[in-house]
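K.L.:
Could you have a look at this structure, given as structure tokens, before my questions?
The values are calculated or read from the model by the stated rules, or taken from the named source; none is laboratory data. Because the structure is predicted, anything quoted here is derived from the model rather than measured. Cβ: placed from backbone, ideal geometry, glycine included. Neighbour counts: every protein chain shown.
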Amino acid sequence: MRWVAGRLGGEGDGERGSAIVEFVFIALVVFVPLVYLVAGFSAVQRGVFAATEAAREAGRALGTAPDPVSGQAQAEAAARIAVEDQSVDATDVVLAYAPVGAGCDAAGSYAPALTPGEEFSVCVTVTVRIPLLPEFIDANTATGQFVVERDRYVDR
């Protein structure tokens, strides 16, 4: 009879409370890195969305501007607002232009004149910071590109 009571947990139960210890151990080993991985992925994805949207909005602002000087100011403001909308630090935004077909690798070598029918690419690069990593590890960048085709019939 003692043997049956021992098997059913009546006597000599030396493993009481071990489930809590195992759960805490599994939570620390599995769940904490998983949450960090999700947070890091979210930061990168937020940077990609910010760069893409900033390039689009800057291109629209510059494409509809009356002159290059006011267009540049409008494009910078539009890019800054689009990046801040994704909760990304707007101090790490680089706005540059490239000829169509050259890609963002050639960005910075082109200055739009805003002539009727002109085509150019707007490239925005955003530095993405992963949470809890030191600032000297910020080699992660996201680049967004938008091709602008200025209207052929513009009032001058």
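K.L.:
Among (1) at pLDDT 90 or above; (2) surrounded by fewer than 15 Cβ atoms within 10 Å (Cβ to Cβ), there is one condition R60 misses while meeting the rest; what is its number?
P.N.:
(2)
K.L.:
Answer yes or no as to whether S109 is surrounded by fewer than 13 Cβ atoms within 10 Å (Cβ to Cβ) and within 12 Å of the chain's Cα centre (by Cα).
P.N.:
No; evaluated as a whole, the condition is false for this residue.
K.L.:
Is it the case that segment 76-86 has a residue that's within 18 Å of E118 (Cα to Cα), over 17 Å from the mean Cα position of the chain (by Cα) and not β-branched (V, I, T)?
P.N.:
no
K.L.:
Identify all residues within segment 90-103 that are modelled with pLDDT under 90 and surrounded by 14 or more Cβ atoms within 10 Å (Cβ to Cβ); write none if there are none.
P.N.:
Passing the criteria: A90, D92, A102.
K.L.:
Enumerate the pairs (first residue in segment 41-55 and without any contact (Cβ under 8 Å) to a residue 12 or more places away in the chain and of a type in the set (A, V, I, L, M, F, W, C); second residue anywhere and in a helix (DSSP H, G or I) and surrounded by fewer than 17 Cβ atoms within 10 Å (Cβ to Cβ)) with beta-carbon separation below 6 Å, excluding pairs fewer than 6 apart on the same chain, so at least 6 apart or on different chains.
P.N.:
none
K.L.:
Exactly one of (1) crowded, with 20+ Cβ neighbours inside 10 Å; (2) touching a strand residue (DSSP E or B) at 6+ places or on another chain (Cβ under 6 Å); (3) of a type in the set (G, A, S); (4) within 21 Å of E149 (Cβ to Cβ) is unmet by G47. Its number?
P.N.:
Looking at each condition in turn, G47 falls short on (4).
K.L.:
Now for a different question. From the set of residues in segment 112-151 that are aliphatic (A, V, I, L, M) and without any contact (Cβ under 8 Å) to a residue 40 or more places away in the chain, which is surrounded by the fewest Cβ atoms within 10 Å (Cβ to Cβ)?
P.N.:
Applying the filter and picking the extreme gives A139.
K.L.:
With the condition kept exactly as written, say whether any residue in segment 29-40 is small (G, A, S) and modelled with pLDDT of 85 or more.
P.N.:
The answer is yes; a qualifying residue exists.
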